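Colleague: After the C-alpha cells below, expect a handful of questions from me.
FYI, it's all coordinate maths here, none of it is from the lab. Note that the coordinates shown come from a computational prediction; the quantities given were computed from them, not determined experimentally. As a convention, Cβ positions derive from the backbone with ideal geometry for all residues, glycine included, and neighbour counts pool all protein chains shown.
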Amino acid sequence: MSEINPDTYLARYASRTRGMTASEIRALFAVAERPEIAFLAGGMPYTAALDLEAVAEVTQGVIAENGAWALQYGGGQGMPELREALVGVMAAEGIAAHPDDVVVTAGGQQGLDLVAKLFCDPGDLIVAEGPSYVGALGAFASYEADVVHVPMDDDGLDTDALEATLAQLAHDRRPVKFLYTIPNHQNPAGSSLSSRRRERVVQLAEQFDLIIVEDNPYGLLDFKGELRPALLSLAPERVIYIGTLSKILSPGLRVGWVAATESVRDKLVLLKEAADLCQSNLTQAVAQRWFATQPWQAQVETFRGVYRERCDAMLGELAASFPAECRWTQPTGGFFVWVRLPHGLDAKQLLAKALRARVAYVPGAAFYADGGGGEELRLSFCFPPPERIREGVRRLAEVVHDEIAFAHALFGDQE
Ligand code: PMP
C-alpha cells in the first residue's frame, strides 16, 4: 500500500473537532496508574464494594431466563421495565416521574451529548457553574457551544451572580440555550446547592425564560442520606434531568437516562437512534433485574459508608497537614474535594512536583472553559482506601508547603 500524507486526514476533519484535546484527567491516567502513586485524580466509583456475587446471579438469571431477547436489539427509548425501575430510583430522591418521561442512554455522558446535540449550534451559549464537570464541557465543546461560568461557594451556584450574568446576557441580547447545573455534591467542587438557592434558581428560570439541564449522579450518595428537592421537582416543565446508574450500581453497565418533557424526549429518541440505535438490551436487562430482585438501597447505603469514611480520611488529613493558606470544600456526599491554593501558586505547574512526590490530582483549569482555575485543584476520595488517601494528602501537603516557602523566599511577604 502506498504511504498517505498524514495531513490528508487532518485537512478533512470537521471544524468542530479542532478544539478537541484529551482532557487533563485522561492525559494524567497514563502516569498516575503506576502503583507507587497515590491516585487522588480519578472519579472511578469503588466497584469492589458491589455485591459481585449478586451481580453474577442477576446476570446469569437474565441469560438463563431471557437470553435470546436480552441479546437482541431493543427500542430507542429503552426497555419499559427498566424505565419503570429508573422512575423508582428517582422516587427515592423524592422525584415524581412516569416511565414515559424517560429515555435510557449510554450513561449520563450520552445524555449530555444528546442534549447538547439537540440544542446547540456553533457559538450558542450555555451557562454553567465554574468549575464544572469536565465531561460536560467536552460534550458542549464538541458542538462548538460557548460556556459562560457562574461562580460557586459552599452553598453551590451563587444565585446572585447567576442573576447578574443572566441580566447582562439579556442586556447584550445573547440568548442562553440552557443552564447546566449539578446541584448535588458537585463534580468537581464537592458542594451542594442549598434549598433556598434551589427556589431562587427556579425563580430566575421563570424570570429569564431559562431551560435547566440538571445533572444528578451523586444525589443518593449524601453521607447522611439527606435529600434536597430536585430542580425537576420544583419546575418540571423547565428542567431536563439527567440520571445515571454509574455511582449507585456500576459505570460498566453504561446505563443512564434523561427525563424530559414529551417534545424534548421525542427528539432525544431520534438522536439516540441516530447515535447507536438503542441502549444495550443486555445491560438494561441486568440493571432491571438488579432493581427487581436485589436490596439496591442497601447497596447504595454500603457505597455511602465507603465514601463517607474516605471523605473523612481526606478532610481529616487536609486539616492536619495542609498549609493554613489553602482553602477547601467540606463535601457532605459524592466523590470530590475542591482545593484553592494561595494566590500565585499554579496548580498545573505544581502537578509535576506532586507526581514526583508520588501523588496525583487534577489541576483546576480542566474544569473551566474560560481559562480559569489556575490556582485550584480537585482531589477525589472515591477510589483509594483511607490510608492511601491520608498518605497522598500528606505528600501533597509537603509539596504545597515547599512551594509556599519558595514563593516567600523569592518574593518575601509583599502580597
Ligand atoms: N455527570 C457528572 C457530573 C459526572 O461526574 C459523571 C461521571 N463522572 C457523569 C455525568 C457521567 O457519568 P456516566 O456516563 O458514567 O453516567
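Colleague: In the calculated pair distance distribution of segment 20-159, what percentage of Cα-Cα distances lie above 25 Å?
Modeller: 53 percent
Colleague: Using 1/(1 + (r/R0)^6) with R0 = 51 angstrom and r between the beta carbons of residue 356 and residue 84, what's the FRET efficiency to the nearest 0.05?
Modeller: Calculated value: 0.50.
Colleague: Taking N as the number of residues in the chain, what is its alpha-carbon radius of gyration divided by 2.2 N^0.38 Å?
Modeller: Dividing the Cα Rg of the chain by 2.2 N^0.38 Å gives 1.01.
Colleague: May I ask for the angle, rounded to the nearest 10°, between helix 80-92 and the longest principal axis of the chain, with both axes built from Cα atoms and the value confined to 0 to 90°?
Modeller: The answer is roughly 40 degrees.
Colleague: Report, to the nearest 10°, how far helix 386-411 tilts away from the longest principal axis of the Cα atoms in the chain, using its own Cα long axis and a range of 0 to 90°.
Modeller: Once rounded, one gets 40 degrees.
Colleague: Take the Cβ-Cβ distance between residue 346 and residue 167 as r, set R0 to 35 Å, and report the resulting FRET efficiency rounded to the nearest 0.05.
Modeller: The value I calculate is 0.60.
Colleague: For the chain, find the longest principal axis of its Cα atoms and tell me its angle to the long axis of helix 52-70, 0 to 90°, nearest 10.
Modeller: So the helix axis and the longest Cα principal axis differ by about 40 degrees.
Colleague: A further question on this structure: For a distance above 13 Å, tell me the whole-number percent of Cα pairs in segment 272-316 that qualify.
Modeller: 69 percent
Colleague: Let me ask you something else. Write down the percent of antiparallel bridges among all DSSP beta bridges whose residues are both part of the chain, to the nearest 5.
Modeller: 50 percent
Colleague: Quote the FRET efficiency, to the nearest 0.05, computed for residue 31 versus residue 199 with a Förster distance R0 of 41 Å and r equal to the Cβ-Cβ distance.
Modeller: Efficiency, from the Cβ-Cβ distance: 0.40.
Colleague: Considering all alpha-carbon pairs of segment 138-253, what whole percent are spaced by more than 20 angstrom?
Modeller: Of the Cα pairs, 43 percent sit more than 20 Å apart.
Colleague: Over the alpha carbons of segment 55-101, what is the largest minus smallest coordinate on each principal axis, giving the biggest first in Å?
Modeller: Cα extents, longest axis first: 34, 25, 11 Å.
Colleague: Mind checking the full-extension length gain between residue 321 and residue 5? Use 0.36 nm per residue of separation minus the Cα-Cα distance, one decimal, nm.
Modeller: 108.4 nm
Colleague: Rounded to whole Å and sorted largest first, what semi-axes of the equivalent ellipsoid does the C-alpha gyration tensor of segment 354-415 yield via the square root of 5 times each eigenvalue?
Modeller: The answer is 24, 19, 8 Å, longest axis first.
Colleague: When you take every Cα atom in segment 228-367, what is the radius of gyration, and what is Dmax, the widest Cα pair distance, in Å?
Modeller: Expressed in Å, the Cα Rg and Dmax of segment 228-367 come to 20.3, 54.
Colleague: Same structure again: Report the rotationally averaged projected area of segment 108-205 based on its alpha-carbon convex hull, in square nanometres.
Modeller: Average of the hull's projected areas for segment 108-205 equals 5.8 nm².
Colleague: Any idea how far apart residue 48 and residue 277 come out in nm if each label point goes 7 Å out from Cα toward Cβ?
Modeller: It works out to 3.8 nm between the two label points.
Colleague: Testing the spin-label approximation: label points 7 Å from Cα along Cα→Cβ at residue 146 and residue 68. State their distance in nm.
Modeller: Going from the residue 146 label point to the residue 68 one covers 5.7 nm.
Colleague: For residue 410, put the label point 7 Å out on the Cα→Cβ axis and report which residues of segment 343-374 keep their amide N under 14 Å from it.
Modeller: 343-351, 353
Colleague: Rounded to whole Å, give me the distance from the Cα center of segment 369-393 to that of segment 239-272.
Modeller: So the separation of the two Cα centres works out to 28 Å.
Colleague: Same structure again: Across the chain, how many lysine pairs, 8 or more positions apart or on different chains, have C-alpha atoms separated by under 23 Å? Please give the number.
Modeller: Taking the Cα cut-off of 23 Å, the pair count is 7.
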